[in-house]
Amino acid sequence: MPVNGSAELVIVANRLPVDRDDGTGEWRVSPGGLVTALEPIMRANEGIWVGWPGGTDADVTPFEYDGMTLDPVALSAQEIEGFYEGFSNATIWPLYHDLVAKPEFHREWWDRYVDVNRRFAERAADRAAKDATVWIQDYQLQLVPQLLRELRPDLRIGFFLHIPFPPAELFQQLPWRRQLLEGLLGADLIGFQLPGGAANFVRLVRQRVGHKTHRDLVYLPDGRTVRAASFPISIDYEAFEDLARSEPVKDRAASVRKALGDPDTVFLGIDRLDYTKGIYARLRAFSELIRDGELDVDHTVFVQVATPSREKVEEYRVLRDEIDRLVGHINGDLGRIGRPAISYLHSSYPREEMAALYRAADVMVVTPYRDGMNLVAKEYVACRWDDDGALVLSEFAGSAAELRQAWQVNPYDLNGMKAALLDAARAEPRDRQRRMRAMRKTVRQADVAAWATAFLDELDKVRPPHGKKLKPTPTS
Ligand code: GDG
């Protein structure tokens, strides 16, 4: 397909699936599950991906990357501030995560959000073939479904929200609540991580917009039907397992443990440095176990990787300082020479290193206050091909619905969290294996290809009239 042609499948996401390398200026695939999930179906249908390339490059034209056509949407510095750092990450993000931080409401941010959503919609409208399928991703683009439908009523439009959708009591604080609901209703199918999010949405549509609803369906006055349903996202299970089994990763896992001083127990946390992830509380819980004498630094270490994230947003700067200070205190008070209680890394790593860390860890600690799904928990499970290793998982992560055999915790309950960390570390190997085996089966059976296929198949059913069908994802 020519790079400027139209396509039967258009993916619209805030970011393109590639990043520019700072040093060489070359494009490279950005880490993350969404690319892996959508790449095969993009290729099978010669799809186009519309998204922001990052930065303020004004002059990037559509290009091919590794067999995919990418169409960059440029953003100005002012738009990045208002649309991205502002409305997306300082209004919607905290509001949808149960007010873990206080959302800010600013009219100028909203105006930028509307402008940028319109630009994405116009670009998608330009690139979609007649009766094509357009799949819009996530909270930054909630107005795109409606704006796009106004431009192109022929299209089949899907939307997937990667973060939680809040209950009415929280959502209705938004001054622009009705516009957002109507924006989403431009889609034929709206996907959520959990059934609870879909139910919150349908209830709000009934109450706030006044449309007739029945179970997961919304009936619009123009005769269209919109479905809101859950499609829990997953990971490329096989790719993670294969990576974890590879010799270089096995060797690296062994050398990581050695570098840590061959402790008996390695606890691990890997998160974007985000206040929703509960990093502070988990490190406190761990440090209290050392202070109480339940664990000791000669035989135990907590490795915390915090990937830099949204560094221009004030709340994230504050969080970074808080975690720096906490780690400093804990290591200063409880560590010994060559034996810090916490090995803290504020950095991002290649996938191989992530797999090596998952392999090296005895207890993986995932304790968000609220999380749409949490892929780190699923990645850990996929990497434990020997069925060993324990997972401590917050009840408030979407993945808790599937990973029932984890040691589940309420991250607001510090004593409960301490007890779970100890239980997980001291569990009998047979108990750990039984739990891990069950969780591995769950993730293996519901991988990311199954997620994408389930969503697109359902989209096909919700809006069938013109009889066009996408080519299925090729199976390997
Ligand atoms: C949002 C929702 C939902 C992290 N550090 C590095 C790295 N990562 C990768 C992990 C994992 C991904 O980033 C993080 O995904 P999570 O699901 O844990 O969290 P969010 O970034 O908040 O994602 C979330 C998700 O969307 C998908 O719908 O599950 O609830 O908040 O894949 O491995 N990857 C590499 N280096 C790092 O340093 N290579």
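Quick notes on this one:
- Anisotropy class of the stretch 344-404 from Cα gyration tensor, a/c 1.5 cut: oblate
- In this simple spin-label approximation, H346 and Q207 carry label points 7 Å from Cα along the Cα→Cβ vector, and these lie 4.0 nm apart.
- With the convex hull drawn around the C-alpha atoms of the stretch 158-315, the volume per residue stands at 187 Å³.
- Tensor-based shape of the stretch 236-319 (alpha-carbon gyration tensor, a/c under 1.5 rounded, otherwise prolate or oblate): oblate
- Angle in degrees between helix 414-426 and the longest Cα principal axis of the chain, rounded to the nearest 10: 70
- Packing-based ranking, highest mean first, of 69-82, 246-259 given that Cβ atoms within 10 Å are counted: 69-82, 246-259
- Kirkwood estimate for the chain, i.e. one over the average of 1/r between Cα atoms, Å: 23.4
- C-alpha long axis of helix 247-259 to longest principal axis of the chain, angle in °: 50
- Angle in degrees between helix 107-127 and the longest Cα principal axis of the chain, rounded to the nearest 10: 70
- Across the chain, the mean sequence separation of Cα contacts (distance under 8 Å, 6 or more residues apart), normalised by length, yields a relative contact order of 14 percent.
- The stretch 305-453 - convex hull of alpha carbons, volume per residue in Å³: 144
- The separation of the stretch 354-381 from the stretch 59-115, counted between C-alpha centres, amounts to 27 Å.
The numbers here are math on the coordinates, done by the rules we state, and not lab data. Computed from a prediction, not measured in an experiment: that's the story for all the values here. Because the Cβ atoms are built from the backbone with ideal geometry, glycine has one as well, and the counts that use them run over all protein chains shown.
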